[in-house]
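No lab work stands behind these numbers, since they all come straight from the coordinates. As the structure is a computational prediction, the values presented were derived from the model and not from experiment. Cβ: placed from backbone, ideal geometry, glycine included. Neighbour counts: every protein chain shown.
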Amino acid sequence: MNRPSVITFVIFMFCMSANFARAGDADEDLTYEFLLSSIPPLVMDKAPGQEKGLLWDIAQGLLNRLKAGQECKCKAKPTVLPWVRATTVLENEKGKFMLQMTRTDERENKYEWIVPVGHLTFAFVTKINPPPDTIEEAKALKRIAVYRGSHLEKTLRSKGFNTSLMMTNDSNASARLLNYGRVDAWYASVDEALWLYKKKVLLSRPRIGEAILTVPIWAVASKGTPKSMQEKIKRIFQEMEAEGTILTLKEKYGLHDHSIN
């Protein structure tokens, strides 16, 4: 190798080393953060001292254990943001985690998928009469409450429901319609129906049909987040699950048993 080539090679290796060092320093400087968005009872943006939601408690537990083991520089509490803002941050900043992501083809390459942390189940809920267990059975009902503009409404409309749907602006309104017999059923998240019964918004023990749709929800990380930290999150979550901490948190919110009919 002649002298100019040697000099060029040395300069190249120096630049590469500097880039690696900067990348390492950047990872060390990351402040890790858990992002959440309100979806009762999994996440609730409440005043201090009030219940925060199952996924909020899980995220706080993960943070507490990471800090206790001095395993990261982390924000002390999860951050609750509107969904669009939370996902925008997640897609543009390293070192961010979220616990409530459903896995779709559209999202597959946007995030790092760490571990499933639960699921969302949707079913028909009734007050007195046996609940429909299928879409076809539900078509025999005259009045079904559903959240306006939601993917639940879109699903039912795509299945041929139109005149039977009664639009509501939130789940509390749907529960009240069911309480007073103004609808025959409510198409809802099972977790949300159980939570509203626990909080006495649903006045009668809800009767819940067979699952129409069940969707796993995942812990995800923003792209570029170090794999080592993703593995720590996975390990700690699995430890919390194995020791019964996750089940205890589900019991706190009345979400441990969907078979309450």
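General remarks:
- Gyration tensor over alpha-carbon atoms, region 200-257, equivalent ellipsoid semi-axes in Å: 32, 16, 10
- Between Asp105 and Glu231, the contour length at 0.36 nm per residue exceeds the Cα-Cα span by 43.0 nm.
- Listed residues Ser189, Ser158, Ser222, most fluctuating in the chain (Gaussian network, C-alpha, under 10 Å): Ser158
- Each principal axis of region 38-78 carries a Cα extent, and these read 31, 16, 12 Å when sorted largest first.
- Annotation: the antiparallel percentage among DSSP beta bridges lying fully within region 121-214 is about 55.
- Restricting the calculation to Cα atoms, region 121-214 yields a radius of gyration followed by a Dmax of 11.6, 33 Å.
- Of all DSSP beta bridges in the chain, antiparallel share, percent nearest 5: 65 percent
- Flagged links, alpha-carbon separation over 24 Å, of Lys67/Lys198; Lys223/Lys250; Lys77/Lys227; Lys227/Lys252: Lys67/Lys198; Lys223/Lys250; Lys227/Lys252
- Ordering Val84, Val115, Val146, Val43 from the fewest to the most neighbouring beta carbons within 10 Å gives Val84, Val115, Val43, Val146.
- Only Lys, Arg (+1) and Asp, Glu (-1) charged, at Cβ; the chain dipole about Cα centre in debye: 660 debye
- Candidate membrane-span-like segments in the chain, meaning DSSP H helices with Cα atoms spread over at least 24 Å of their own axis and a Kyte-Doolittle mean of -0.5 or above, are 3-28, with no membrane implied.
- Backbone geometry of region 129-138 corresponds, through the Karplus equation with coefficients 6.51, -1.76 and 1.60 at θ = phi - 60°, to 3J(HN,Hα) couplings of 5, x, x, x, 9, 9, 4, 5, 5, 5 Hz, x marking Gly and Pro.
- Computed over the chain, Cα set: Rg, Dmax in Å: 23.4, 90
- Among Ala185, Ala221, Ala76, residue whose mean-square fluctuation peaks in a GNM of the chain (springs only between Cα atoms under 10 Å): Ala76
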